[in-house]
1. Report yes if V69 is in contact with a Phe, Trp or Tyr (Cβ under 8 Å, 6 or more places away or on another chain), farther than 14 Å from V215 by Cα and not acidic (D, E), otherwise no.
2. Does at least one position in region 179-199 carry a residue that is at pLDDT below 95, of a type outside the set (V, I, T), assigned to a loop (DSSP other than H, G, I, E, B) and open to solvent by 50 Å² or more (accessible area, probe 1.4 Å)?
3. Cβ contacts < 7 Å: first residue among the small types (G, A, S), restricted to region 185-204; second residue assigned to a loop (DSSP other than H, G, I, E, B) and open to solvent by less than 70 Å² (accessible area, probe 1.4 Å), any location; separation 6+ or different chain. Result?
4. Could we say that A70 is among the small types (G, A, S), over 25 Å from T153 (Cα atoms) and either open to solvent by 80 Å² or more (accessible area, probe 1.4 Å) or in a helix (DSSP H, G or I) (or both) here?
5. Among all residue pairs at least 6 apart or on different chains, which show Cβ distances below 6 Å where the first residue, located in region 99-115, is farther than 15 Å from T154 by Cβ and the second is open to solvent by 70 Å² or more (accessible area, probe 1.4 Å)?
6. Kindly indicate which of D113, D92, D105, D31 is open to solvent by 60 Å² or more (accessible area, probe 1.4 Å), in a helix (DSSP H, G or I) and either at pLDDT below 80 or among the charged types (D, E, K, R) (or both).
7. Keeping to region 200-223, report how many residues are under 30 Å from K174 (Cβ atoms) and surrounded by 18 or more Cβ atoms within 10 Å (Cβ to Cβ).
8. Among the residues that make up region 223-246, is at least one of them at positive phi and part of a loop (DSSP other than H, G, I, E, B)?
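The values are calculated or read from the model by the stated rules, or taken from the named source; none is laboratory data. Since the structure is predicted, the reported quantities are computational estimates derived from the model, not experimental observations. Every residue, glycine as well, gets a Cβ built from its backbone with ideal geometry; the counts of neighbours run over all protein chains shown. Quick note on the areas: whole protein, heavy atoms, side chains included, nothing else; ligands and nucleic acids left out. Shrake-Rupley method; radii C 1.70, N 1.55, O 1.52, S 1.80 Å.
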Amino acid sequence: MRIKKAAASAAALAACALLLTACNDDTPAADSTTPPASASDTATPAPVPTTPPPTTPDGDKLKAALPTVATLPSGWTVEKGSEADSANGLADPDPARLPTDTCNDALTVVEPDDLLTDYRASDAYETILDPMSSSQEVAFAGFEGDNAEKLITTIKAVVKRCGTYEANTGDSKKVTTTSTLTPVKDLGDEAYALKVTPKGDYESSTDILVRSGNVILCVDAGSSELTEPELIAQTRKFAAPMPIKP
């Protein structure tokens, strides 16, 4: 009986030894159903590039700020087919022409949209008609960075250079002409009345320039008989949508 009991004990000890060996083995058992994670699974995903929000209104936004029949005085209209704009998106600025233009090309018989060409990224303009069908042009231009201020500085330099110059007339003659740029108070971030006055029996021209942020509004007297104070008062109304958001 002792032999059998001792044998049973030995078998139990052997079983326990096997169990302890298994319990003391710190090697983790491999999971045959889960593959080891790869480097690509644990790597931090690359950030998705984002496009910064626009800071300059495009042609669509500028067009929406132009006067309409609903906002014009009674009897005034927008000339059919005169509206134009650069639509959505922004354009790369064209090379500046005003710094190298002759005084005649820069200032004589220049419409607002022409005056705002340098450095601009977007634009919208139209012709409005008073009850007597006299016309005026209204133009907005958008600029990136500090280009709006740069254009105002350029126009100041042109007027300084061309304070007095010889302008070409429609009858192939030349006439002594003066140009002035007078600040207008309490309008936008800065505003000016640009006046070009030829001597003799010739008509002068006046444009009101208003900068608000990176947008410039320009309104000319055109063929109307508005005085400068009347033109400034009219421009204040047209500048009501400014500043124009992108």
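1. Against the criterion (in contact with a Phe, Trp or Tyr (Cβ under 8 Å, 6 or more places away or on another chain), farther than 14 Å from V215 by Cα and not acidic (D, E)), V69 qualifies.
2. The answer is no, given that none of the residues of region 179-199 is at pLDDT below 95, of a type outside the set (V, I, T), assigned to a loop (DSSP other than H, G, I, E, B) and open to solvent by 50 Å² or more (accessible area, probe 1.4 Å).
3. Partner pairs satisfying both residue conditions: G188/A239; G188/M242; A191/V184; A193/V184.
4. Answer is yes for this residue.
5. N104/N168
6. Exactly one of D113, D92, D105, D31 is open to solvent by 60 Å² or more (accessible area, probe 1.4 Å), in a helix (DSSP H, G or I) and either at pLDDT below 80 or among the charged types (D, E, K, R) (or both), namely D105.
7. 10
8. no
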